[in-house]
1. Going through W492, W399, W461 one at a time, which residue ends up being free of Cβ contacts under 8 Å to residues at least 60 places away in the same chain, touching a Lys or Arg at 6+ places or on another chain (Cβ under 8 Å) and not small (G, A, S)?
2. Kindly provide the set of residues from segment 534-589 that are in contact with a Gly (Cβ under 9 Å, 6 or more places away or on another chain) and among the β-branched types (V, I, T), ordered by number.
3. Quick check on L332: is it buried (at least 18 other Cβ atoms within 10 Å of the Cβ), at pLDDT 90 or above and outside any loop (DSSP other than H, G, I, E, B)?
4. Checking S506 against (1) surrounded by fewer than 19 Cβ atoms within 10 Å (Cβ to Cβ); (2) not in a helix (DSSP H, G or I): exactly one of these is not met. Which one?
5. Just one of I271, I305 is in a loop (DSSP other than H, G, I, E, B), surrounded by 17 or more Cβ atoms within 10 Å (Cβ to Cβ) and not basic (K, R); which is it?
6. Looking only at segment 113-142, filter to residues that are charged (D, E, K, R) and within 24 Å of the chain's Cα centre (by Cα); which one of those is surrounded by the fewest Cβ atoms within 10 Å (Cβ to Cβ)?
7. Name every residue in segment 403-437 that is free of Cβ contacts under 8 Å to residues at least 60 places away in the same chain and either of a type in the set (S, T, Y) or touching a Leu at 6+ places or on another chain (Cβ under 6 Å) (or both), in order of residue number.
8. Is it true that Y269 is in contact with a strand residue (DSSP E or B) (Cβ under 7 Å, 6 or more places away or on another chain), over 24 Å from E392 (Cβ atoms) and without any contact (Cβ under 8 Å) to a residue 40 or more places away in the chain?
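The values are calculated or read from the model by the stated rules, or taken from the named source; none is laboratory data. Since we're looking at a predicted model, the values are computed, not measured. Cβ: placed from backbone, ideal geometry, glycine included. Neighbour counts: every protein chain shown.
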Amino acid sequence: MILADQGKPHCRILLGRKPAWLERHAAEELQRYLACMANALIPVEEETAVSASVLAIGRPESNPFVARAIASGAVSVPSSEESDGFVIQTVETEGAESLVIAGSSDRGTLYGVYWLLEEVLGVGFFRDGERVPSLATVELPALSISERPHFPERHEGNGCVFTYSASSWGVDEWKRELDWKAKRRFNTTWPFDIAHDLLPRILADWGVDTRVPPRSDGQTVHEQAFRYARSLGIRIPCIIGNLPATPELRARFPETRVLVLRYSELPPYTIVHPGDPLFRRYVVEYVRRYNESWGSDHLYIASFISESRVLEGAANLHEARLDFARAVSEALREADPEATWIIETWSFDMDAEDVNHRWSPAQVKDYLETVSIPHIVADLWSEERGKYRDTENFFGHHWGFGVLHSFGAGSYLHGDVSLLLQKVRDVVNQPDGKNCRMFLLQPEIIQFNSFFYEFCAEVAWDPLRGSVESFVERYCRKRYGASLGGKLREPWNILVDTVYGSESGSVGTITDPLYWYRPDLHLLLGWTKPDDKTAALRARRHLLIPKLRDVLELFLAQEVELRAEPLALRDFVDVARQWIAERFNVAIISARDAFLAGDGVELEKRSAQCVALLDDQTRLLSSWPPYRLDTKVNEHRSRYGDDAERWVKHTHVWVYGDEGMHSPPLRDYYRMDLDGLIADYYRPRVIAYFDLLRSKLNSGNQCIAPEEFDSVYQPVEEAFVSQTMRRLPAGEDPVAIVRGLLAG
């Protein structure tokens, strides 16, 4: 079936007379991408007499052509119980070939259109860009494709993204992100910041002295993103926070029970105890008002004291947890009888009496059995610290396999794809595997590691099909095109065996660039405490350096095509910065060892290597606009104005942008490769480290107290935030830079 040839359309896109918005959107997306491919605008029409080839889009309820094809037995659509399934089927109509793309839901129809474009026509959909092949003739073979997801719920999104990736985004950036989620067939995402005015309005109605923010005349960015996500069929849970026990609330309700909490080393704060009737009343009010304002997807997130310690107010902490489970269950049942509670396990990782200890399996079981409404347990860190293993798959409750992958600093290349696939398959192949009904992809930072996240999207749809090898082949072909993609499979196989294989670091086994951290004599060997796995992995990491060099040389062997493919060039830069960082890690560990051995000559040699490598990294990053600090600052000017520079730098040091929001455990949590961060923060700190080692070595004292490190690092941090940002040289060619570094 020829769709277009030599710039002329050879078919029509056919909708029913009254298509749903999402069906029309699917038709327009198909039209747009085919126009990019073939330079031919295929018309979109509502049903008329069919006398030529058509691409019929929609459900049988809305498109008579589809209904007739189903009635004739030519097409079978997955049942409504599998609401995201779809079929792509060639049919014969009055001697002409046509194609039916039909979903068991409007969302499924959109998935079918994207599947055709990607898996049949070779379009590459990626979070960091797209690749649309240019074709003189667009022709389809006879197709008979029927798809349905293994996991009914497929979630992508994490609230930390708003800080670490999306803090400067406008509506256009959010639409691109949400389109990517739809193309990857995720059907739920993290809540947007749309309900910040509900709590003050509730408190005001209760007679609590509080400031009620004025209603905005227009829609905020998050409100527009929320509505666009809903239009794509993406479900958005309502997140229910704790009820702050402000002095004004306690003055109005003096008998209210409270809990005093502390997060990290920030000032303590107070919330209403979940066992107090006021908490249940608040949840009911909040949910009702939210649903009146925004409608409901009947999904709710509520967590008991995640990441904070209880200082006062709970003589029996576990009983307070059970109070929370009872209160939320009862409130949701009253406010929304169709509610499903998404119970995140993040709080299970950190006991509120001691955040270094998990809840016991017995405590988890007790908590889940206290929940009395439909629920699903979202195991947020299944790939590394899965609670499902210790709790017999959550004792028979419905649950979801979650992939955290990255904290705020997860911008280096990492993620063991083979191990992930094996773990998910082990789960779904168990006798009670059907209880795992959800897949969650929840990294805190998202502009990096496209390979890993695209792999996760495939696993979320069908973990039992294909292999890592077949994924690499399709990834390279769709990302770089057939020609370059075939040539770059070899370097990608090396990456799968190294940074995306068993030698990969992870959230728990940190193999980040060591210049991201305050260097000491420990150098993160098993951070935060010694760990045999991390020690063994770090001892082998130097073996990655020649392999990463091989990858760079294989990319450079295709230099002409490399320069013509933006996504290939971006991946090349990422491998190069990883190669530099691995060499730095070896050099600084060797320098530390030289200091401990009293070898001043070796210390000088290695310290010079470290500084030179940081200069190489800065130069490479400066050549690639997304890795420039001034680019990031400029992106934030529309939101922060003249304070954008200070805000960006302060968040990279302290996570929070507000001055005075300093908590040492959070220092450098938002670490990453940006040219100005390295040149004016990490590099001066490394130099201060070596100056201190030299001074100590010359004095004959090889013991360094934490306070001595702090005394030399604090001025560096303060100067970086306070001083005017330097704009580093721009415009160098990253390919030429890397070629020179390899030759040096």
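1. Matching residue, one of W492, W399, W461: W399.
2. Answer for segment 534-589, where residues must be in contact with a Gly (Cβ under 9 Å, 6 or more places away or on another chain) and among the β-branched types (V, I, T): just T534.
3. On the way: buried (at least 18 other Cβ atoms within 10 Å of the Cβ): yes; at pLDDT 90 or above: yes; outside any loop (DSSP other than H, G, I, E, B): yes.
Yes: the conditions hold for L332.
4. (1)
5. Numbers: I271 fails: in a loop (DSSP other than H, G, I, E, B).
Selected residue: I305, the only one of I271, I305 that is in a loop (DSSP other than H, G, I, E, B), surrounded by 17 or more Cβ atoms within 10 Å (Cβ to Cβ) and not basic (K, R).
6. E119
7. V403
8. Working: in contact with a strand residue (DSSP E or B) (Cβ under 7 Å, 6 or more places away or on another chain): yes; over 24 Å from E392 (Cβ atoms): yes; without any contact (Cβ under 8 Å) to a residue 40 or more places away in the chain: yes.
Criteria met by Y269.
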